[in-house]
Every structure is written in C-alpha cells, then in structure tokens.
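Here the structure comes first, spelled out in structure tokens, and everything after it is commentary.
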Amino acid sequence: MRYAETGVNLEVDLTRGNIERVHTDPQDTELYLGGLGTSTKILWDRVPPEVEPFSPDNLLIFAAGLLCGTPATGCNRTIVSTISPQTLLMAFSMMGGFWAPELKYAGYDKVIIRGKSPDLVYLWIHNDKVEIRDASHLKGKGANETAELIRQELKQPKAQVAAIGLAGENRVYYASIEQGRSSASRGGIGAVMGDKGLKAIVVRGTNDINVARPAEFMELCYEVIKYIKFREDNPIPGVIPILAVLGSPQEMAIHDERWHTENFSWGNARHRRKGFWTPEVAEEWTETLNSMRTRLISCYNCPMECGATISPPGQPTFMMKCFSKLTYTMAAMSNLDFGMRIAQRATEYGVDGYSTPQVMAFALELYENGILTDDDMSGMPSENEERFYWLLDRIVRREGIGDVLANGTHWAAEQIGKGADAYAHNNIKKHEQLPLKLSMLNPIYFLMYCTGEKMNITQIEGQFPQAPFPKREHREKFVKDWFQVPDDRFKQYFLDWEPRGENSMPYYPTVEMSCDIVDWQERMHYIDDALGMCTGLSSFHIKPPYHIHNIPKFMSAGAGIDMDEDKLSKAAKRYRTLVRAFNIRRGLRRTDEKPPDDHWKKRFPELEKELLDTYYKFKGWNNEGIPTKESLQELDLDYVSEDLVKRGILTDSENAPSQETSTGKELE
Amino acid sequence: MTGEKKKKIVKTIRIDLDKCNGCRSCELICSAFHAEPKYSSNNPARARIRLIRDPIRDVYVPVYAGDYAPAECAGRDKYTIDGKEYDECAFCRASCPSREEFKEPDSGLPLKCDMCEGEEEPLCVKWCLTDALVLEEREEEVEEEAVEEEEQEELEVGLESLADKYGLQKILDAVARMSMKD
C-alpha cells in the first residue's frame, strides 16, 4: 500500500483527447519526495531543451504535495510546473487553497497535461471518472466566474476548480491560474494552460488517503498545533509585524502599512516615500479595508487566516491574500481603495499581482518619457487610475500596445527599443521582482537573488532574521529557544551580527556564513515544495512549527519512508540540483544570475564575485553555475551528468568551463 | 414502571458561524478519528461534520450528522439571515436521500456524530483553533430506561437504513447466517 501519496498520476493528452492512469515508482518518492521533486524528474525526462513554452510537447504538471490530504496542518499546496514563456526556464509556481487535497482524495498525486486541444476545454476529475469537456461557453469568462459556472453545470458545489481567465486564454506571459482564494501566479504558467486550450481543471474526490503509522503521525500533528498556539501567544519581538507572527504575511489582517509603504518603491519601482504613512492615510486605509473585508479565511486544514473575502462596493466579491493588497496601489501611486478594486478585475482576468502592476507602471513611464507615443497609447484616458484600468484591459486582450506589454517588461522593452530596456530595470532572469530598492548590499540576499530559481524572494527567504538585532542581549534572548536551526553554529552567526561596525553588512555574515545560511533557507523551501507545505507555517518564518528536525518524522510516520535529517537534506539537494541542471540545459549561466543593478545603492563587485564563486562551490557547481559531474554522481544523478556531457555542457575533464550560451534567445 | 434516576452528561457544541474560517479541519480530523484503525486514513467525505461553505456568498455552516431519514421531508426550508440566503436544508442534520451529506461514500450507509466517544472532547472541537466550535457540558437527570431506549433506538435506526438499502429479507438472511456461524 502507498501511504500519504496515491501512487497514481493522471496523464492527459489534449491533442488526442487521451486520458491514462499511470502508476508511479515508489523509489522515485524516496529519491525526489513528491510535489516539486518528482515533477522536476518528469520534466527532465520528458521535456528536452529544444521544447518551447508554447509547444504541444511542453508539459504542464499540477502536483499535490506528498503530505497533502493528511492531517498535517497547512499542508495543502499545489505545485504547478512547466516552461515559462517569460523566462524560458522552468517555472514552478504554487497555490494553497483546497485543490491539492481534493486531487489526492480523487486518487491522484499529479495531473500531467501534454498536447494542445483545438477547442477550449476543461478537465473534470471525479474519482475514477475523468472527462475532457467542452468549455467554449466559458471563453472570455473570468476565473472566479468560470469556477462558479462549472460548479453549477456539474451540480457539484464541493468541486475544486483551478481556472484561467482571459489573460491565460490570450497567453499573457504573466497570466496566473486562479483557485478562488489562492493562485499560482509566477512565471506565466496560466499562459501555458491557455496555450493548451485548457480553461480549468475541476476536481472532486471521495477516497481515502492513508498514513503509515497513524498514532505517531497524530502525535506529530499535535506538537505542531501546540507550537502554532504558542507562537500566537508569543510574537517574536524586534522584527517587522509580518515576521512576528506565523502565516503567509498577514496583509489581510493588519492595517499598519508603514513598513511596506515607506520601504518599498512606488511607481515603476522608483520612488521611496518616507513619511508617507501619516495618521490621515492610516485612518483612510483602515476605513477602506474594514468596509470591504467580509471575513478572514483559511486554506484547507490550517488555522491561519491569511486570506480574506473582499467585497468592494458595486463590484463582485473576490478573495485576496498577501501583498497583492498593495502592488496595484503602489504602482499607480494611488490609494488602497483603488488597489483593492483593480485587484478584483485583475483576479478575474487571472494575472500575476507582482508583474502586472509593474508592467503598467513601466508603460506609463515610457509614455512620460516619450518612448511610447500618443499613437501607441491611442484612446488612453487622461486620469491616472483610469489609465491603469485601460492598460489592464488592453494587456489581457492583447490589443494594441497591450499585445507588446503582455510579454512583460523585458520582452516589451526589447520590442519597443529606443532605450526602453533601461525602464525594465527591476527584473531577474527576465521576470519582474518586488519593488525593493535599498542602500547597503546584503550578502545573504545577494546570493538568494542571484541564484534563486523560484523567481520570487519571498519564496526563497526565511528561517534566518532579515536584519541584525541592535543589542546583544536581545540576540541572546532570541537564540535561547531557537531550536529550528540545523546546527548551533547558526545561532553564533546571529549572535555576532551587528548593525554597525566590524561585524556588519556587507562583510558580515562572512562569505562562508552567507553560503551556509542561504543553503539552509533554500533547502527548507524546496522541502516544503515537495511536501505541499505552506511556507507560512514553515520555511518563510523564523521559528516555524515545521523544521528540519520534525519534517523527517512526518515523512516517516506519514509516507512510510524511512527518513532522517541527512537523507532529507540529500533528497532536497538532489531535486534542487535537478532544477538547476534542467535550467542549465536550457541555457542558464552565471551571466543571468544577478540582482537588478539598482537593487542596492552600495555595491561591492569584488565581494559579490567572491560570494558567487564560493556559493557555487558550496553547491557543487562549477564557476558557470553548472553542477559538476562529481556532485551529480554523489546525488545519484549520473543520468544528468551523462546528458550534460553528451550535449557538451559538461566535458569529460572535470570542471572545464563550458561553452557560454545565453537564455536571451528570442521566441519565434 | 418507574425506573431509577440516572445522571446523564449532555454535550453541546456551540457553533459560531462568524468565527469559522472555512478550513475544514473539522471534517478531516473527524474522518481520521473514525477510520479503522484509528487515524489510519483521511477522507472528508466520510466525516460526520460537514462545512456548508460558499465563500463568495460568505456562507459557512458547520453541520453535524444527526438522525437517518429514510425519506425526504415533504417540504424544504431555506433561511435568509442578515441578508444572506442559506442553501436548502443547510441547517438540517439528517442523513437523507435528498443530499449526499452524511453517507459513507462507498456503501451509502448513514453516518452519525457520536461526539468522539472516549475522547475528552470531540476532535472537531479540539482541531478548531479559531473557536468556531466550542464544547459545553451540563448534567441532567434522566430515567434509566431512557438510556437503554436510546441504545435500542440506535440499533433500530441502523437496521432500518440497511433494510432500506438492501431489503429486509436480505438483512434477515444475513443475520441468520451470522447466528449460525456463532
């Protein structure tokens, strides 16, 4: 019997309209855990580097994490992976909500989509019964609207729906997949779904998910619940509000936005507004949120209330979470009322709340600077907020300038020319980032920004405090009950970290310490992404309920896989390295690994080079960021090493620098 | 015949719809607790509590499985409270032919909440960290027979539903076969 997982994937070929149930190899679970890990293995095996994002040969994989459907609190994430049309690299974007557990109860760990349907369809999975159904009547419908219509026509109020909106249908490079209160937004995975002619995947399941050692597993679950309660009663002092308490950043609950509004940049990631958060603004925004927010809501089997039902007067109700609360507001230099209202429309269209506002602010900056002309913007209203609605409508329909902007700032700038690339200034690997512009280089964040393949800092950072505490006594108090560290040396790193003086940034944490810290942070995120665990109870937080010491026990008791800390770390390193190898095969090289030039004012080229050199070595990669033969073999990835040698990316003599290719190739 | 007075603990779960966050932990843990062996499997479709949930309309109603009803009601009810319209039969606890709630997904047999007998509190309450579900207990004095009657009633309800599903004759035959084995 398989535990925690079902051992069955659903293979759907949309070109031929073929559906198959495929039994998976339990050994793959041991090696790659599940979720992101096993999905990466499938992508490596079946999607060679020649495959373009919008090729029928590109796969779109919806994976439920290994422990989804068990009572492990907060373990409910769907991991969607494919080739991103924007970065041309592997995209893996995730969503919480209710979809992944429902898929498990229906009897499947993954849905693997290939091919393309000539007509718009949706997939209806009801336990053993799986059908491809016509969706032509849903063309152009909003993502939430679609979910509602499908539930009604199937008479299945309990079905969970993951759907795209107009943006996905029109292959907007930053289109999302929406699931009511959650969305998988980064990397343009919604565009791939639209390209495949797939409007939605609808799931209803009423089967059992088994756990291997029930009593032991429940004991672990209670420990986690107890610790969640403890953390609720004991917020961490001395850190910003969203890090003091557990959960995905509590943007729906909190009113105080001084930190975001005064530290993040407004407009096209340009302006810091010190002193913005006045009592008048605080009062107005509090009133706005209170008047629209009907209820704080959770994902499946989780007590944290990270989302909210939002009813902007005069508009349909929708659900929101996290920082999309402010991205539209800040890009448009507007207020919270505008931000919430346009987010409702954007959610129905199904677009990423990080990239979209920035693309629009970028377009207006180009217009103000004469690079985009009145001709390009013909018909644009004169009022600022109206311009954002106008641009959003053009983008998702790919009308006029919207057709260019729909490809994101990097590709749009290339197409527009006339120096537009200087305005696409906030990208990493062609993907728009959070609008942070800071002063002093932070060595930890430098490494995360450079080498992260998850394309979003919030999905890489965590565990280690973001900044030093001013006083040693505070630091000593902090490390006292910091049992989540993999090793006590991390406590020492933190104890000695000072805001000023010899032990301050950028030279402290030292290069070696920074590598160690980043590796720990990244490892925990990758583990979460295999298990389907929410980072809001795990890797994003300092002092989370799930950590390197108890997760192996969850896996042993839950999935029946004999697991310990070393074995878990090695498995995470294995599929993390496989993600890297997959992207290397698609052309990723050191030259792509850099933060936006203006991310920090104070830069240190020599230190930065040393950081990257050392980190690559630490990870078992050569100086180009390519995993070495030796490290691949250590991770049982000989087949990867052989492939990279065959392609001339690695040579037989160890660590020889490879031919430099770039991901800068154009789409047709 | 007048029986002895006996003390009985009446357990009430206070349900606060405003505090429900819609996470369905209650359904999950109920199904795990009632699995054989205990906690060995998870499947909200087997739960004896259901969350009637429609986020867009802000409808959140945890309902406990009550008695088995062999036939639908003659009429239906539909409540509107504070401007929110609730689904037909939203507050009804019956395992009834009109809906899929409170039936074992495989056999269709009715489910009924037993307040997690043997535990200090029902597991749904224990797992509801937002306190939408809170247990209250009070003591009442009842006639002794009432307790026995209750057990007898439970037995009969179970049999009745089996008879509805398979026909009385098949049940009789099965019971006869089982008693022969003994």
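Rule-based calculations on the coordinates, nothing more; no lab input. What you see is a predicted model; the values in this text were computed from it and never measured. Cβ sites come from the backbone with ideal geometry, for glycine too, and all protein chains shown count toward neighbours.
For chain A, the Cβ-based charge dipole about the Cα centre amounts to some 740 debye (Lys, Arg positive; Asp, Glu negative; other atoms uncharged). Using alpha carbon centroids, what distance separates the range A:1-49 and the range A:114-132, in Å? Each part's Cα centre sits 17 Å from the other's.
Using C-alpha pairs under 8 Å with a sequence gap of at least 6, the mean separation divided by the residue count of chain A gives a relative contact order of 15 percent. Here A:K609 is the anchor, and the aspartates and glutamates within straight C-alpha reach of less than 15 Å, apart from those fewer than 8 places off in the same chain, are A:E512, A:D592, A:E593, A:D597, A:E624. Of all DSSP beta bridges confined to chain B, the antiparallel ones make up roughly 95%. Can you give me the C-alpha center-to-center distance between the range A:411-452 and the range A:548-590, rounded to a whole angstrom? The two parts, judged by their Cα centres, are 28 Å apart. Can you give me the distance in nm between label points at B:A174 and A:V22, each placed 7 Å from the Cα along the Cα-to-Cβ direction? Label-label distance for B:A174 and A:V22, simple model: 4.1 nm.
Shape analysis of the range B:142-182 places it in the oblate category; the axes a ≥ b ≥ c from the Cα gyration tensor give an a/c of at least 1.5, with a/b not above b/c. Backbone N atoms of the range A:336-358 closer than 17 Å to the 7 Å Cα→Cβ label point of A:E383 belong to residues A:336-343, A:345. Where only DSSP H runs of four or more residues are counted, chain B gives -9000 deg cm²/dmol as its mean residue ellipticity at 222 nm, each run worth -39500 (n - 2.57). Counts of other chain beta carbons within 10 angstrom of each beta carbon in peptide A:293-306 average 5.
The antiparallel fraction among DSSP beta bridges confined to the range A:8-204 stands at about 75%. With contacts taken as Cα pairs under 8 Å and at least 6 residues apart, the range A:439-646 reaches a relative contact order of 26 percent. With the simple spin-label model, which puts each label point 7 Å out from Cα in the Cβ direction, the B:K5 to B:D82 separation comes to 4.1 nm. Partner shielding of B:99-107 amounts to 2, given as the average count of beta-carbon atoms from other chains within 10 Å of each residue beta-carbon. Taking each of A:K158/A:K229; A:K104/A:K139; A:K229/A:K437; B:K7/B:K170; A:K41/A:K430; A:K104/A:K543 in turn, the alpha-carbon distance tops 32 angstrom for A:K229/A:K437; B:K7/B:K170.
What is the extension gain from A:E283 to A:V645, computed as 0.36 nm multiplied by their sequence separation minus the C-alpha to C-alpha distance, in nm to one decimal? Spell out each step's value before the answer.
On the way: separation 362, 0.36 × 362 = 130.32 nm, distance 6.19 nm.
Once the chain is fully extended between A:E283 and A:V645, it gains 124.1 nm.
Of the GluC sites (Glu not before Pro) in the range B:87-162, the ones in a loop by DSSP (not H, G, I, E or B) with at most 16 other beta carbons within 10 Å are B:E88, B:E100, B:E117, B:E119, B:E120. In the range B:7-141, Cα pairs under 8 Å separated by at least six residues give a relative contact order of 35 percent.
Note on A:S136 and A:E216: the extension gain reaches 23.9 nm, defined as 0.36 nm multiplied by sequence separation minus the Cα-Cα distance.
Maximal additional length on extending the A:F230-A:L438 stretch stands at 71.5 nm, based on 0.36 nm per residue less the C-alpha distance.
Looking at the square roots a ≥ b ≥ c of the eigenvalues of the Cα gyration tensor of chain A, which shape do they give, rounded for a/c under 1.5, prolate if a/b is larger than b/c, or oblate? Cα axes put chain A in the rounded bin.
222 nm [θ] for chain A, helices only, -39500 (n - 2.57) per DSSP H run of 4+, per residue, to 500? Walk me through the numbers before you get to the answer.
Details: 25 runs with 263 residues, N = 668.
Using -39500 (n - 2.57) per qualifying helix, the result is -12000 deg cm²/dmol.
Applying a threshold of 21 Å to the alpha-carbon distances of A:K418/A:K602; A:K226/A:K480; A:K321/B:K19 flags A:K418/A:K602 as lying beyond it.
Suppose R0 equals 25 Å; then what is the FRET efficiency for A:K570 and A:N503 from their Cβ-Cβ distance, rounded to the nearest 0.05? So, using R0 = 25 Å, E works out to roughly 0.20.
Modelled label positions at A:T614 and B:L159, each set 7 Å beyond Cα in the direction of Cβ, lie 7.9 nm from each other.
The 3J(HN,Hα) values that the Karplus relation (6.51, -1.76, 1.60; θ = phi - 60°) gives for the range A:569-586 are, in residue order, 4, 5, 4, 4, 5, 4, 7, 5, 5, 5, 4, 4, 4, 4, 6, 4, 4, 8 Hz. Gly and Pro appear as x. When the chymotrypsin sites (Phe, Trp or Tyr not before Pro) in the range B:62-102 are filtered for DSSP coil states and for at most 14 other beta-carbon atoms within 10 Å of their beta-carbon, the remaining sites are B:Y79, B:F91.
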